[in-house]
1. Would you be able to tell me the number of residues in region 7-26 that are closer than 16 Å to Ala41 by Cα and touching a residue at least 40 places away in the same chain (Cβ under 8 Å)?
2. Which one is most open to solvent (accessible area, probe 1.4 Å) among residues in region 169-180 that are of a type outside the set (Val, Ile, Thr) and within 21 Å of Val27 (Cα to Cα)?
3. Within region 72-86, count every residue that is away from ligand 1 (no atom under 15 Å from the Cβ) and either within 20 Å of Leu40 (Cβ to Cβ) or part of a loop (DSSP other than H, G, I, E, B) (or both).
4. Within the bounds of region 151-168, is there any residue that is in contact (Cβ under 8 Å) with a residue 60 or more places away in the chain, buried (at least 19 other Cβ atoms within 10 Å of the Cβ), under 15 Å from His54 (Cα atoms) and within 15 Å of ligand 2 (Cβ to nearest atom)?
5. Among the residues of region 99-145, what is the count of those that are part of a loop (DSSP other than H, G, I, E, B) and open to solvent by less than 30 Å² (accessible area, probe 1.4 Å)?
6. Restricting the search to region 38-53, which residues are under 19 Å from Ala116 (Cα atoms) and assigned to a strand (DSSP E or B)?
7. Go through region 9-47 and count every residue that is closer than 18 Å to Gly173 by Cβ and surrounded by fewer than 14 Cβ atoms within 10 Å (Cβ to Cβ).
8. Scan region 54-71 for residues that are part of a loop (DSSP other than H, G, I, E, B), open to solvent by 40 Å² or more (accessible area, probe 1.4 Å) and within 9 Å of ligand 2 (Cβ to nearest atom) and jot them down.
Amino acid sequence: MELHRVTVTPLKSNCYILKSGTDIAVVDPGGDPEKILERLAKLDGQVKFIIATHYHFDHVGALKELKESVSAPFLIHKNDVPFLDNIIPDQTLTEGDEISLGEETLQVIHTPGHTAGSICLLGDGFILTGDTLFQFSYGRTDYPGGDDFQMQQSLKRLQDILVPGMTVYPGHGLPFVIKS
Ligand SMILES: [Zn+2]
Ligand SMILES: [Zn+2]
């Protein structure tokens, strides 16, 4: 899987463009749609999915413009749907769902805490963690839908999933590799 990181919005959210074969998924189109579209134009592929790791505006802010340009379905965890502002998902996600991209799959890991419907996307040797896990910290739990106890449970769960050598692509900040 090819991964491209586009930094968007003044909050420097990471929008990731994942590509396998000619299939593309855009994860967390938080803003600056022209930047995302510009990067997409350089890739020879078709956008199959637009996925948000959670409902926050800095992760879905460019959704409308992006959808108008690429007309791909928008996916988000069902627990975050009530918090979305004027956005209706085409499909909702739940723990264990698999999203096929080219010959590869992304597995949905439900990691509530930052929001009720926060997800991580697990691929072969990498994981996108949204605002659940950053390199040196984890996501805040004081926004609507946040829950500190659930966050601790989710971080414990991630400890079992994160193996040495795996690359973590967080919702903000630089990607990093899990050391042994
Ligand atoms: Zn967030
Ligand atoms: Zn964020």
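The values are calculated or read from the model by the stated rules, or taken from the named source; none is laboratory data. Keep in mind that this is a model prediction, so the values were computed, not measured. Every residue, glycine among them, receives a Cβ derived from its backbone with ideal geometry; neighbour counts consider all protein chains shown. Note: areas computed on protein heavy atoms with side chains; ligands, DNA, RNA excluded. Shrake-Rupley method; radii C 1.70, N 1.55, O 1.52, S 1.80 Å.
1. To start, the set of residues in region 7-26 that are closer than 16 Å to Ala41 by Cα comprises 15-26.
Still in the running and touching a residue at least 40 places away in the same chain (Cβ under 8 Å): 15-16, 18-26.
The number of residues fulfilling the criteria is 11.
2. Among those that are of a type outside the set (Val, Ile, Thr) and within 21 Å of Val27 (Cα to Cα), it is Leu174.
3. Taking region 72-86 and keeping what is away from ligand 1 (no atom under 15 Å from the Cβ), we get 72-75, 78, 81-82, 86.
Within this subset, residues satisfying the condition of being either within 20 Å of Leu40 (Cβ to Cβ) or part of a loop (DSSP other than H, G, I, E, B) (or both) are 72-75, 86.
So the answer is 5.
4. So far as region 151-168 goes, no, none of its residues is in contact (Cβ under 8 Å) with a residue 60 or more places away in the chain, buried (at least 19 other Cβ atoms within 10 Å of the Cβ), under 15 Å from His54 (Cα atoms) and within 15 Å of ligand 2 (Cβ to nearest atom).
5. Looking only at that region, the number is 13.
6. The answer is Ile51, and nothing else.
7. Qualifying residue count, region 9-47: 2.
8. Those that are part of a loop (DSSP other than H, G, I, E, B), open to solvent by 40 Å² or more (accessible area, probe 1.4 Å) and within 9 Å of ligand 2 (Cβ to nearest atom): none in region 54-71.
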